[in-house]
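Worksheet: one structure, shown below.
The values are calculated or read from the model by the stated rules, or taken from the named source; none is laboratory data. None of the values given here were measured: they were computed from a predicted structure. Cβ sites come from the backbone with ideal geometry, for glycine too, and all protein chains shown count toward neighbours.
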Amino acid sequence: MAHPGAPKVNLGFLTLLFVGGAALLTVSGCATSQQCRENPARISLEKKIFTLEDQIEVQKKKILSLQGELTKRKPDLALEDSMGETLADSSFESMNTYYEAISLRDAGKYDEAVEKLNRFILENPDHVYSDRAQFLILDSHFKNREYGLALVDSFLLENRYSESRKIPEAVHKRALAYLNLGDKEKGAQTLKMLLESFPSSAVIPSAKETLASLQPSETHP
């Protein structure tokens, strides 16, 4: 029984409020519980994503490194022209000028070939084929009977590219240039130096033959 004078309470409203509150608490509790269950899984997935992203970055760096190595080594996987001169893979854009010069030289267009080769060296001073381009300039001048220029080219190659495998051939051309200019003494001296400095070079047999032809034959009484 209600106390006299007590305010009237709407039991229906209290019931609704209580039930609604319970429902609200229940929903709130479920949401919190679900979050508690999901958070560790989410954190774990995020860690995996971060780990994979790091691995991708590492792989990208490895790929770039390998591409760099491939760029350095790929010219060695090449063809040879009619003179045995190694040609780099045509996929390297910087080799286009070199290829054009080779074609011009093989066609006997030596002046144009020299122009292309000089441009190649100017644009690619540290290229693996720069010394070969310099030798081809020498060879082009020699074939064009410009022996004075061939001499200059031979010394230029030797000074610029002291480790070049083309030096023995350049020295051989130098000796022949001297001989074609009528300087037998310097020609012979250069051939002797070639024999002493590069005894295993492929040009040695030819150099020996040329040197022997310059020496007077012995006469017997």
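Below are the figures for this structure:
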{"quantity": "Residue under evaluation residue 174, criteria (1) farther than 28 Å from residue 101 by Cβ; (2) buried (at least 19 other Cβ atoms within 10 Å of the Cβ), criterion not met", "calculated": "(1)"}
{"quantity": "Residue satisfying condition, being touching a Phe, Trp or Tyr at 6+ places or on another chain (Cβ under 7 Å), among the aliphatic types (A, V, I, L, M) and either within 20 Å of residue 145 (Cα to Cα) or at pLDDT below 95 (or both), within set 191, 181", "calculated": "181"}
{"quantity": "Lone qualifier among 140, 206 - being out of contact with any Cys (no Cβ under 6 Å at 6 or more places or on another chain) and more than 27 Å from residue 100 (Cβ to Cβ)", "calculated": "206"}
{"quantity": "Any hit, the range 98-107, residues being at pLDDT below 95, under 24 Å from residue 200 (Cα atoms) and touching a strand residue (DSSP E or B) at 6+ places or on another chain (Cβ under 8 Å)", "calculated": "no"}
